[in-house]
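The values are calculated or read from the model by the stated rules, or taken from the named source; none is laboratory data. Quick caveat, the model's predicted, so the values are computed rather than measured. All Cβ positions, even for glycine, are placed from backbone atoms using ideal geometry, and neighbour counts span all protein chains on display. When the accessible area is computed, the model is the full protein with side chains, heavy atoms only, and any ligands, DNA or RNA have been set aside. Shrake-Rupley method; radii C 1.70, N 1.55, O 1.52, S 1.80 Å.
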Amino acid sequence: MNNNNSEKRILEKTLDDLSFVRSAPKIGLVILSIFYLASYFAMPFLVNSHFAVDYNGTTIGIDSFAGVLSSIFNIFAIFLTLYYGDVGFSISTVVLLLNIPMIISNIMRNHNLGNISGVFTTLVTILTLIVIYINNKKIERYQDKLMKQAVTDILTGLPNRFACAELVEDLIKKNQQFTMLSINLNGFNDINDTMGFDIGNEVLMEISSKWKLIADMEVSGTLDFIARLGGDEFALVIRKYRNQNELMNTVNMYRDVLGYKLLIQDYEIQVSASYGYVEFPSGAKDVDSIFSYSNKAMLRAKESKEDNAIMCFDEEMLIDRHVTEIENEIKAALQNNTIFYSLQPQFDMNHKLRGFEALARMKDKKGNIISPGEFIPIAEKEGLIDKVDLVVFKKAAKFVGKLIQESGSDFTLSINISVKHLMKKHFLDELKDILDASDLPPHNLEIEITESIMIESVEKAFKCIGDLKAMGIQIAIDDFGTGYSSLSYLFNFPATMLKVDKSFIDKMNNSDSSRKYVATIISLGHIMGIDVLAEGVESDEQLETLRSIGCDYIQGYIWGKPLNDMEAREVILNTVNE
Ligand code: C2E
Ligand code: CA
Ligand code: CA
């Protein structure tokens, strides 16, 4: 609804600008009026009046007071026209015109031509009034046009989002019953892409004009307001229905419009739409929620993939769909055995291969890759992480074990294990089973545990890690630097590798303190007899800095992105042949 607010602000600003246009001649007229007054004050001194008063020895013609009165009168007339439009203009002009015979009769009676200036001033004033009047009319027309443009969609001539929001806001304020229907055309982009924008526009105009006819003719029996919100999005506000039946009759009348083919430039085009609605009063209490709830219902209707599907808003629609969707994707992937892995190489500082880290990969039903950053946290939350970890481990161990045997070279396979998983009773047994079933020697396996999660559950984790270590398995602390491990905890922890988090490597060359931080971690690791690997190394500059501060290993796009089996095999064979 931000869109609406900004439209409102634009409109208000434009109106402000307009009021400046209006006040500009006002200011000029005030100055003009002062001149009038001044001239009237000066007049009596110039004209020899018939009747005169003696003021400190000076003779002042009594006519001058009539002049003052008349000039005040003129100013009134100006302001009347300025502020009271047509009525003000008519009154002022009539009164001023009546003024002229009065002045003339005065001249005749007194045989004094001095008053002729009064006639002149009155005529000038009338002329000024006419100018103001014409100017005001122009501004009014401009303002009307602007108001209309601000609330009308240019392409279809329907009211726009702003107008619709104004209406909804008004109805909510008055607590009047209404239903808001969100309408979105299906496959409209395809029409634009395949037939061109002209045809797309004509489709929109044709549908709009049919809907507008229903609304304007009030054929539905209810009071309807149809608006185009933008693109292929429309909204229908329905009022004055007595029951659900009447409401649905109206809705169906608009849906029926899309039941027929449209004939556009000799093409027969069939368009369908998705509809979602919300009633007021109900769950939605303000303009934003009315728009967003009807939109949510519309999106649900769209998901059904049926032509002209319609959905009523339900509170359940507010639950985060994303999490449930991904959870379902993970379950489906586990069931269909479609979770797989990528292998990202790790190197020592001389570019000699150390091994690979297995990174989980998953595709959704449409075949798009979902990043582990997205699905791993959901798998952890929903208790599915053990299964994901194990699938990755099992598959990667099988491949890498075979590769080690084939190539006769010695390198590491690092796998990520969630601490939640690590602390499960069966973890060690499962791990042994997998190692037994693959050709992977335990000392070629490294288990990565994320620092921040590990320190929360350190006691329980210690025991399990001790067992792993006893089997010859290596232990890496992942994302090191992001948690707050204490020194004593680090000294007691049987890690064999610290992996410095990418965020520090990113900052390292921009700030001296970050560089010192990484240098300190490296020294700390070395003091404890632990190797240090820098994650996410991307540039030569970072590589040089890491070399200069004694880093042992790196992993990053600079020397290797995550690879598939074939690519990983090639890396190994190249290493062996070197
Ligand atoms: P991580 O363990 O810290 O893995 C490193 C991540 O950094 C990977 O992202 C990797 O592709 C990315 N990366 C490596 N080098 C570079 C680089 O030079 N530049 C950039 N921009 N990125 C780089 P990915 O594969 O998206 O994994 C994200 C996280 O998901 C992992 O972070 C890990 O915490 C988690 N994860 C991945 N696979 C598994 C798994 O099988 N089990 C569990 N429990 N967690 C996993
Ligand atoms: Ca990792
Ligand atoms: Ca990491």
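Observations, loosely collected:
- Summing Lys and Arg as +1 and Asp and Glu as -1 over all other residues whose Cβ lies under 12 Å from the Cβ of PHE225 gives a net charge of -1.
- Here region 315-404 has an Rg and Dmax of 15.7, 59 Å, counting Cα atoms alone.
- Tensor-based shape of region 207-257 (alpha-carbon gyration tensor, a/c under 1.5 rounded, otherwise prolate or oblate): prolate
- Loop GluC sites (Glu not before Pro), region 210-280, which have at most 14 other Cβ atoms in a 10 Å radius of their Cβ (DSSP): GLU218
- Exceeding the 27 Å Cα-Cα cut-off - candidates LYS302/LYS420; LYS210/LYS240; LYS296/LYS502; LYS145/LYS210; LYS402/LYS463: LYS302/LYS420; LYS296/LYS502; LYS402/LYS463
- Average accessible area per residue (Å²) across region 346-435 - probe 1.4 Å, nucleic acids and ligands excluded: 47 Å²
- Based on protein heavy atoms only, region 161-319 ends up with 49 Å² per residue of surface accessible to a 1.4 Å probe.
- Note: region 98-163, Cα convex hull, 84 Å³ per residue.
- Taking 25 °C and 0.890 mPa s as conditions, region 118-276 diffuses translationally at an estimated 134 µm²/s according to Stokes-Einstein applied to its Kirkwood radius (Cα pairs).
- Hydrodynamic radius of region 257-316 per Kirkwood, over alpha carbon pairs, in Å: 12.8 Å
- Fraction in percent of alpha-carbon pairs per bin - 10 Å, region 161-218: 18, 36, 30, 14, 2
- The alpha-carbon atoms of region 193-341, seen along their principal axes, cover 60, 44, 25 angstrom, with the largest extent given first.
- Equivalent-ellipsoid semi-axes of region 379-432, from the Cα gyration tensor, Å, largest first: 25, 11, 9
- For ARG547, the accessible surface of its heavy atoms amounts to roughly 100 Å² (probe 1.4 Å, protein chains only, rounded to the nearest 10).
- Formal net charge of residues neighbouring THR156 (Cβ-Cβ distance under 15 Å; K, R +1; D, E -1): -2
- Local net charge near PHE347, Cβ-Cβ under 11 Å (Lys/Arg +1, Asp/Glu -1): 0
- Per-atom-type breakdown for region 511-551 gives carbon and sulfur 50% of the accessible area (1.4 Å probe, protein chains only).
- Accessible area of region 100-207 belonging to carbon and sulfur atoms, whole % at 1.4 Å probe: 60 percent
- D_trans [Stokes-Einstein, Kirkwood Rh over alpha-carbon pairs] for region 322-577, 4 °C, 1.567 mPa s, µm² s⁻¹: 69 µm²/s
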